[in-house]
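*Asks:* Before I ask anything, here is the structure I am working with.
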2 protein chains.
Amino acid sequence: MGRDSRGEQKRSITLTDVARLAGVSVATASKALNGRRQVRDETRQRVLAAAETLSFTPNPFAQALNMPRSGTVGMLTSDLEGRFALPIMMGAEDAFGSGATSVLLCDARGDAERERKHVEALLARRVDGLIVVGSRTDPRPSLGQRLPVPVVYAYAPSDDDADVSFVPDNIRGGALAVEHLVAGGRRRIALLAGDADYAAARDRVAGVTEALQAAGLELVGGAASFGPWSEAWGRRVTAELLDSDPEVDAVLCGNDQVARGALETLRERGRRVPEDVWVAGFDDWEVLTTSSRPPLTSVDMNLEELGRTAARHLFHAIDGQRHGGIVTLPVRLVVRESTGGAENGAD
Amino acid sequence: MGRDSRGEQKRSITLTDVARLAGVSVATASKALNGRRQVRDETRQRVLAAAETLSFTPNPFAQALNMPRSGTVGMLTSDLEGRFALPIMMGAEDAFGSGATSVLLCDARGDAERERKHVEALLARRVDGLIVVGSRTDPRPSLGQRLPVPVVYAYAPSDDDADVSFVPDNIRGGALAVEHLVAGGRRRIALLAGDADYAAARDRVAGVTEALQAAGLELVGGAASFGPWSEAWGRRVTAELLDSDPEVDAVLCGNDQVARGALETLRERGRRVPEDVWVAGFDDWEVLTTSSRPPLTSVDMNLEELGRTAARHLFHAIDGQRHGGIVTLPVRLVVRESTGGAENGAD
């Protein structure tokens, strides 16, 4: 119900009402009212008639139904490095066409009091909605249901089921990586999973385990290794792995930093990548993946698409459509030389 | 003159007027009116008397003179990775005490049209001022002198002398690095300077050259090498360097990525760092400097301090003080193991 749930104003007619009366989807109703060509004339007429019957008027400040009221969205993050927040921010802006929307980013640095002040400042600046971005995929406290604008959560889900959250599908990501390794003939696969305190690490392990079982395989050593998200740990645990399981033919790493460490140790131990051992990471952080030797295959979280989806949902929520829950979005595998990919090396 | 230059309102009394009448600096006047202890009683009395004489009233929306009117500052960046913008953003927020100010960040992605729209959106949200942050230290186009709020430029200076810009002192940074290498007994120093298209690269070379001359030394090979800001180039050019000048005892690199490449090649060629060769970089990007082998000495641009200074200036400008020009701010050397520093290694 969005703004109407405050009870301060009469419930206004939304696009959803128009679509329902016309017997079409909200997307079709939106396209029809926007004059897009993908809609048949007959359908358009029905939607226009429904809009007239209900006295539905699109937001006068927006040139299209999907555009925000003031053209400004607040984004709240605690991601100090910007690795996750900035691509999500770009995707959110792009959801409304080039330059049509300004996303205003505030960094709360994981501090609840600072976050509260930023929310106040953004609401005082009359943003149309809020996107809350986390630096990890573990649930975070909800901002509650009493804010005057719609809120969506991206990357880190809200701990309240009444909220809408969009997160990358890390389970599927783990499976994607394994399917690629198995298709390449890899049978002795090790998993250096990263920090078990993170939902992302545990989800990736779950997806890996599932896909290995489907292929009739088991992890080298019988289980994943857990440790810090660092190059140093990647180097150290890879050395241990080569001592205990010298026949390993693939090393899957919980993030790109661990994978960089694995690549270094393999090189120093005289193992050729990808000829002898395949290596892959997660996150596809380009400053790491493209400059490693060889360039690193990695599971990309599609963060710009996640930002676009969150922003689109936000403005459907502004128009009155709302449903809660956590939505997982597809990730993709970016294949580079470390698993035999076709791209050229960095040197 | 700040907002008053629009001519829409009578010029109001500013802190500068009070300070002038009391015969103290603006900083002292501010401290006195804020009740801080560093001011002698006699001075405080004089400032209070001057404020009374001039009927000076601090901004009623702010609890302290140094606080912004609405508590919101717009920050415009084109730094897609956030490496430079985010630390500057944090410094700017901290300039006004924890949580007192919200900095709203917009990313223009280097696109002039998008930048114009973001400026409009921020002004429509009634921010107190704008901080414009670049992703490189080369001059950028001014937003002009006609905006209704003060503007300061950080990291990338404005190309208009009437604007105020704060940039890191890259010349001094180059000199700092050389002085450290020379103090450590290094005599055969090579400079892998990075991309000559960047003012940062050229300024660092200038500082290096100056400090070497002061020490009676010359660069190995007689000049700096220039190339892309990448690990791959760092690896390649270090290999060439070891072929042409095997006696090199220090490699100074234009950024941390180049230095990472240099470290890798030195290791593969059997040169010990720091026993045989010292290595240092620029920028102190921690994801790279602390996880390299050994951890990397680097010149830190003090970006948080740069953000604090820019924000402080912005609010002095709001209070009526303005002067144009480019101000260079001090940088500092962070010494780690790659030049014999005391810190422990990453593994």
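*Asks:* In Å², what does the accessible area per residue of the stretch B:170-300 work out to with a 1.4 Å probe?
*Replies:* Values: 4660 Å² over 131 residues.
Per-residue accessible area for the stretch B:170-300 comes out at 36 Å².
*Asks:* Which residues make up the longest stretch of chain A clear of trypsin sites (Lys or Arg not before Pro) that lie in a DSSP loop with no more than 11 other Cβ atoms within 10 Å, not counting the sites? List each step's numbers first, then the result.
*Replies:* Values: sites that count: A:LYS10, A:ARG37, A:ARG40, A:ARG146, A:ARG272.
Segment A:147-271 is the longest.
*Asks:* Assume the label is 7 Å from Cα along Cα to beta carbon: what separations in nm does A:GLU52 have to the matching positions in the other copies?
*Replies:* The answer, with the shortest distance listed first, is 7.4 nm.
*Asks:* Under the rule a/c < 1.5 gives rounded, and otherwise a/b versus b/c splits prolate from oblate, where does the stretch A:194-245 land using the Cα gyration tensor? Don't skip to the answer; put the middle values down first.
*Replies:* Working: a/c = 3.16, a/b = 1.22, b/c = 2.59.
Here the stretch A:194-245 falls in the oblate category.
*Asks:* Now for a different question. In nm, what does the list of distances from A:GLY216 to its counterparts in the other copies look like, shortest first, when each label sits 7 Å along Cα to Cβ?
*Replies:* Those label-point separations list as 7.7 nm.
*Asks:* Same structure, new question: With charges set only on the Cβ (+1 for Lys and Arg, -1 for Asp and Glu), what does the dipole of chain B come to about its Cα centre, in debye to the nearest 20?
*Replies:* Values: 41 positive and 49 negative charges, 279 e Å.
Charge dipole of chain B: 1340 debye, to the nearest 20.
*Asks:* Quick check on chain B: what are the equivalent-ellipsoid semi-axes from the Cα gyration tensor, as sqrt(5λ), descending, whole Å? Let's see the in-between values first.
*Replies:* Numbers: eigenvalues 399, 96, 56 Å².
Over the Cα atoms of chain B, the ellipsoid semi-axes are 45, 22, 17 Å.
*Asks:* Nearest beta-carbon of B to the rotation axis carrying it onto A: which residue, how many whole Å?
*Replies:* B:GLY82, 1
*Asks:* Kindly work out what percent of the DSSP beta bridges joining two residues of the protein assembly as shown are antiparallel, to the nearest 5.
*Replies:* Details: 7 of 77 bridges.
About 10 percent, rounded to the nearest 5.
*Asks:* Under unit Cβ charges (Lys, Arg +1; Asp, Glu -1), what dipole magnitude, rounded to 20 debye, does the protein assembly as shown have relative to its Cα centre? Display every interim value, and only then the final one.
*Replies:* Details: 82 positive and 98 negative charges, 511 e Å.
Taking the Cα centre of the protein assembly as shown as origin, the dipole is about 2460 debye.
*Asks:* Using 1/(1 + (r/R0)^6) with R0 = 22 angstrom and r between the beta carbons of B:GLU286 and A:ASP111, what's the FRET efficiency to the nearest 0.05?
*Replies:* On the way: r = 20 Å, r/R0 = 0.92.
The formula returns an efficiency of 0.60 here.
*Asks:* While we're on this one: Evaluate the stretch A:221-273: find the radius of gyration of its Cα atoms, find its Kirkwood radius, and give the ratio Rg to Rh. Intermediate values should be presented prior to the final figure.
*Replies:* Details: Rg = 10.0 Å, Rh = 10.9 Å.
Dividing the radius of gyration by the Kirkwood radius yields 0.92.
*Asks:* For a quick check: with amide H placed at 1.01 Å from N, whose amide H comes under 5 Å from B:GLY194's, ignoring anything fewer than 5 positions away on the same chain?
*Replies:* B:GLY227, B:GLY254
*Asks:* Of the heavy-atom accessible surface of chain A (probe 1.4 angstrom), what whole percent is carbon and sulfur? Present the calculation step by step, with values, prior to reporting the outcome.
*Replies:* Values: 6880 of 14390 Å².
Result for chain A: 48 percent of the exposed heavy-atom area is carbon or sulfur.
*Asks:* With runs of 4+ DSSP H residues as the only contributors, calculate the mean residue ellipticity of the protein assembly as shown at 222 nm using -39,500 (n - 2.57) per run, divided by the residue total and rounded to the nearest 500. Could you put the intermediate results ahead of the total?
*Replies:* Values: 22 runs with 258 residues, N = 694.
So the helix-based figure for the protein assembly as shown works out to -11500 deg cm²/dmol.
*Asks:* If you don't mind, another one. Within the stretch B:251-314, which GluC sites (Glu not before Pro) sit in a loop by DSSP and count at most 16 neighbouring Cβ atoms inside 10 Å? Before the final figure, lay out each step's value.
*Replies:* Values: sites: B:GLU264, B:GLU268, B:GLU275, B:GLU286, B:GLU304, B:GLU305; in loops: B:GLU275.
Those satisfying the criteria are B:GLU275.
*Asks:* OK, next. Take the alpha carbon atoms of the stretch B:19-34, find their center, do the same for the stretch A:212-236, and report the distance between the two centers in whole angstrom.
*Replies:* 63
*Asks:* Would you mind computing Rg(Cα) / (2.2 N^0.38 Å) for the stretch A:164-299, counting N as its residues? Can you show the working numbers first?
*Replies:* Numbers: Rg = 13.5 Å, N = 136, 2.2 N^0.38 = 14.2 Å.
It is 0.95.
*Asks:* How big is the Rg/Rh ratio for the protein assembly as shown, C-alpha atoms only, Rh by Kirkwood, two decimals? Intermediate results must be reported in sequence, preceding the final value.
*Replies:* Values: Rg = 28.4 Å, Rh = 27.9 Å.
Ratio value, two decimals: 1.02.
*Asks:* In nm, one decimal, shortest first: how far is the label point of A:ASP161 (7 Å from Cα along Cα to beta carbon) from the matching points in the other copies?
*Replies:* Result for A:ASP161, in nm, nearest copy first: 6.8.
*Asks:* Most fluctuating residue of A:ASP243, A:ASP128, A:ASP284 in a GNM of chain A with Cα springs under 10 Å: which is it?
*Replies:* In the Gaussian network model the winner is A:ASP243.
*Asks:* Additional query: Averaging sequence separations of C-alpha pairs under 8 Å and six or more residues apart, then dividing by the length of the stretch B:157-313, give the relative contact order as a whole percent. Present the calculation step by step, with values, prior to reporting the outcome.
*Replies:* Values: 269 pairs, mean separation 36.1, N = 157.
Over the stretch B:157-313, the number comes to 23 percent.
*Asks:* Considering the convex hull of the alpha carbon atoms of the stretch B:257-330, report its projected area averaged over all viewing directions, in nm², one decimal. The partial results should precede the final answer.
*Replies:* Numbers: hull surface 24.8 nm².
So the mean shadow area of the Cα hull is 6.2 nm².
*Asks:* Separate question: So what's the gap between the Cα centers of the stretch A:117-162 and the stretch B:298-319, to the nearest angstrom?
*Replies:* Cα centroid to Cα centroid, the span is 29 Å.
*Asks:* Rounded to the nearest 5, what % of DSSP beta bridges with both residues in chain B are antiparallel? Walk me through the numbers on the way to the answer.
*Replies:* Numbers: 3 of 38 bridges.
Here the share of antiparallel DSSP bridges comes out near 10 percent.
The values are calculated or read from the model by the stated rules, or taken from the named source; none is laboratory data. Quick caveat, the model's predicted, so the values are computed rather than measured. Every residue, glycine as well, gets a Cβ built from its backbone with ideal geometry; the counts of neighbours run over all protein chains shown. For the accessible areas, the whole protein counts, side chains as well, though only heavy atoms, and no ligand, DNA or RNA atoms are used. Shrake-Rupley method; radii C 1.70, N 1.55, O 1.52, S 1.80 Å.
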